[in-house]
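Note sheet for the following structure.
Quick note: the coordinates plus some simple rules give every number you see, no bench work behind them. Since this is a predicted model, take the numbers as computed values, not measurements. Here the Cβ positions follow ideal geometry from the backbone for every residue, glycine too, while neighbour counts run over all protein chains shown.
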Amino acid sequence: MIGAIWLLATPAVAASYEAELDPVPFDASNRAAVIDSIGTVTASLDGSTLNIHGTFANLTSPATQGSVHIGLAKGVPGDAIGVLSVDHDRQGSFQGSLKLKPPQIAALKKEALYIRIDSEKAPDGNLQGWLEETGNN
């Protein structure tokens, strides 16, 4: 019984994540608005809180919002589950924290959570990147 109590009292080890932010899939209608944009993001999961920090550059118009999305799997778009604070400029940074529910943590571990940055000329997504685990701290 003592072993079971010790396991419950052990704090969760924070996990680290990262992603390259690349232009969203584009076609002739949005290619010019997204093609040269880039960015990076790092995140850490501390217990059930996901802390996110990132940068972006080369947007053709100012960023309007950042968000965390959940898909069915890596590469599959899905719904927004959280909002990030983003610099309203063509280059800048973003950050935020999000309390994840157990199914969202499971999705994170399966690389099904991603970050999306929207801009004035690409309101349905300018940059996006799926979070991948980099190792345990």
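Some values worked out for this structure:
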{"item": "Total formal charge among the other residues, if their Cβ is under 9 angstrom from that of residue 40, Lys/Arg +1 and Asp/Glu -1", "result": "-2"}
{"item": "Inter-site label distance for residue 65 and residue 109 at 7 Å from Cα along Cβ, in nm", "result": "3.1 nm"}
{"item": "Charge sum, other residues only, whose C-beta stays under 12 Å from residue 132's C-beta, Lys/Arg counted +1 and Asp/Glu -1", "result": "-1"}
{"item": "Sequence-distant aspartates and glutamates (8 or more away, or on other chains) whose Cα lies within less than 17 Å of residue 121", "result": "22, 27, 36, 87, 89"}
{"item": "P(r), alpha carbons of region 14-136 - 5 Å bins starting at zero, rounded %", "result": "2, 13, 25, 24, 19, 11, 5, 1, 0"}
{"item": "Between region 42-71 and region 101-137, the Cα center-to-center distance that results, in Å", "result": "7 Å"}
{"item": "Cβ-derived FRET efficiency at R0 35 Å, residue 91 paired with residue 14, nearest 0.05", "result": "0.75"}
{"item": "Summed residue charge, Cβ within 15 Å of residue 102's Cβ, Lys/Arg positive, Asp/Glu negative", "result": "+4"}
{"item": "Spacing of the two label points (7 Å from each Cα toward its C-beta) at residue 121 and residue 42, in nm", "result": "3.1 nm"}
{"item": "In nm, spacing of pseudo-spin labels at residue 101 and residue 55 (7 Å Cα→C-beta vector)", "result": "3.6 nm"}
{"item": "Near-label residues of region 34-56 by backbone N, under 20 Å of a point 7 Å along Cα→Cβ of residue 132", "result": "37-45, 51-56"}
{"item": "Region 14-136 - charge dipole about Cα centre, Lys and Arg +1 at Cβ, Asp and Glu -1, debye rounded to 20", "result": "300 debye"}
{"item": "Cβ-based exposure ranking for 90, 116, in which fewest neighbours within 10 Å come first", "result": "90, 116"}
